[in-house]
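Have a look at the structure below, then the notes.
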Amino acid sequence: KTIKSKMKAKSKKLSYVLRHQFSEEFLPGGWLAVDFALSEVGITMRELEIIVAENDKGRYELSYDKTLIRALYGHSVDIDLDYIPTAPPDILYHGTASTNYASILEKGIVSKNRQYVHLSEDIDTAISVGQRHGLPIVLKIDTRKMAQDGCIFFNPKSGIWLTKYILPRYIEKMIDESD
């Protein structure tokens, strides 16, 4: 394996540990001791710093003293991440597979096995997310109206927005690669 592919595999394992393998080792806010994470993933501190710094999705956060680490989003376990509700921009985007569209029109966007629905500030990111699931579509979300109606949003990292659920009335299909 190349160094790049080895680091990608280690990053995926770290992601799994921090987002899906919740245990009593976790501290409030979703934090995990770096020493424990290093041993669970089988990486060095230097490798951890590289993974955090080079992650293009801004998935991880190290504490100021580098003794704690957490994933900022994407958890499949119910964990209080101490997010502060934040007013969203008027419009955000959600990328998904075109095969999900009929269900979304009927049921809205649900988090399924994740804690939150993920939204993007830009169309290109939404397309990229949608491509991971199949032929992508981009949905335009009227987040201004959602917020006015009492929906709560969180912004754990620049460009990434989270909410619990999106009703169909707030959704407009914008880009469909299958057309």
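The values are calculated or read from the model by the stated rules, or taken from the named source; none is laboratory data. No experiment lies behind these values; they were computed from the predicted model shown. So basically every Cβ, Gly included, is an ideal-geometry build from the backbone, and we count neighbours across all protein chains shown. Just so you know, the surface numbers come from the protein's heavy atoms only, side chains and all, with ligands and any DNA or RNA stripped out. Shrake-Rupley method; radii C 1.70, N 1.55, O 1.52, S 1.80 Å.
Go through (1) more than 28 Å from Gly29 (Cα to Cα); (2) in a loop (DSSP other than H, G, I, E, B); (3) hydrophobic (A, V, I, L, M, F, W, C) one by one and return the number of the condition Met174 breaks.
(2)
State whether the residues of region 149-158 include one that is crowded, with 17+ Cβ neighbours inside 10 Å, at negative phi, modelled with pLDDT of 95 or more and among the acidic types (Asp, Glu).
Checked region 149-158: no residue is crowded, with 17+ Cβ neighbours inside 10 Å, at negative phi, modelled with pLDDT of 95 or more and among the acidic types (Asp, Glu).
What's the number of the condition Ile127 fails, among (1) open to solvent by 40 Å² or more (accessible area, probe 1.4 Å); (2) assigned to a helix (DSSP H, G or I)?
The single condition Ile127 does not satisfy is (1).
Give me the pairs: first residue in region 149-170 and of a type in the set (Ser, Thr, Tyr), second residue loosely packed, with under 13 Cβ neighbours inside 10 Å and part of a loop (DSSP other than H, G, I, E, B), beta-carbon distance under 9 Å, and six or more apart or on different chains, which are they?
Tyr170/Asp149
Going through region 47-69 one residue at a time, which ones are open to solvent by 30 Å² or more (accessible area, probe 1.4 Å) and not in a helix (DSSP H, G or I)?
Those that are open to solvent by 30 Å² or more (accessible area, probe 1.4 Å) and not in a helix (DSSP H, G or I): Asp56, Lys57, Arg59, Glu61, Leu62, Tyr64, Asp65, Lys66, Thr67, Leu68.
From the list Ile104, Ile141, Ile137, which one is part of a strand (DSSP E or B), open to solvent by less than 40 Å² (accessible area, probe 1.4 Å) and over 23 Å from Gly58 (Cβ atoms)?
Of Ile104, Ile141, Ile137, the one residue that is part of a strand (DSSP E or B), open to solvent by less than 40 Å² (accessible area, probe 1.4 Å) and over 23 Å from Gly58 (Cβ atoms) is Ile137.
Considering each residue of region 41-83, count those that are farther than 23 Å from Thr163 by Cα and of a type in the set (Asp, Glu), and give that number.
So the count comes out to 4.
Can you name the residue in region 33-46 that is under 29 Å from Leu119 (Cα atoms) and touching a Lys or Arg at 6+ places or on another chain (Cβ under 7 Å) and is also surrounded by the fewest Cβ atoms within 10 Å (Cβ to Cβ) among such residues?
Looking at the filtered set, the residue picked out is Val34.
Suppose we filter Ile123, Ile127 for residues that are of a type in the set (A, V, I, L, M), farther than 22 Å from Ala53 by Cα and over 15 Å from the mean Cα position of the chain (by Cα); which single one remains?
Exactly one residue qualifies, and that residue is Ile123.
Among the residues of region 4-16, how many are within 20 Å of Asp78 (Cβ to Cβ) and open to solvent by less than 80 Å² (accessible area, probe 1.4 Å)?
1
Go through region 17-32 and give me each residue that's in a helix (DSSP H, G or I) and open to solvent by 30 Å² or more (accessible area, probe 1.4 Å). Steps first, please.
Applying the first criterion (in a helix (DSSP H, G or I)) to region 17-32 yields 17-20, 28-30.
Within region 17-32, His20, Pro28 meet the criteria.
Among the residues of region 71-83, is there at least one that is surrounded by 13 or more Cβ atoms within 10 Å (Cβ to Cβ), farther than 22 Å from Thr143 by Cα and at pLDDT 90 or above?
Yes, region 71-83 contains at least one residue that is surrounded by 13 or more Cβ atoms within 10 Å (Cβ to Cβ), farther than 22 Å from Thr143 by Cα and at pLDDT 90 or above.
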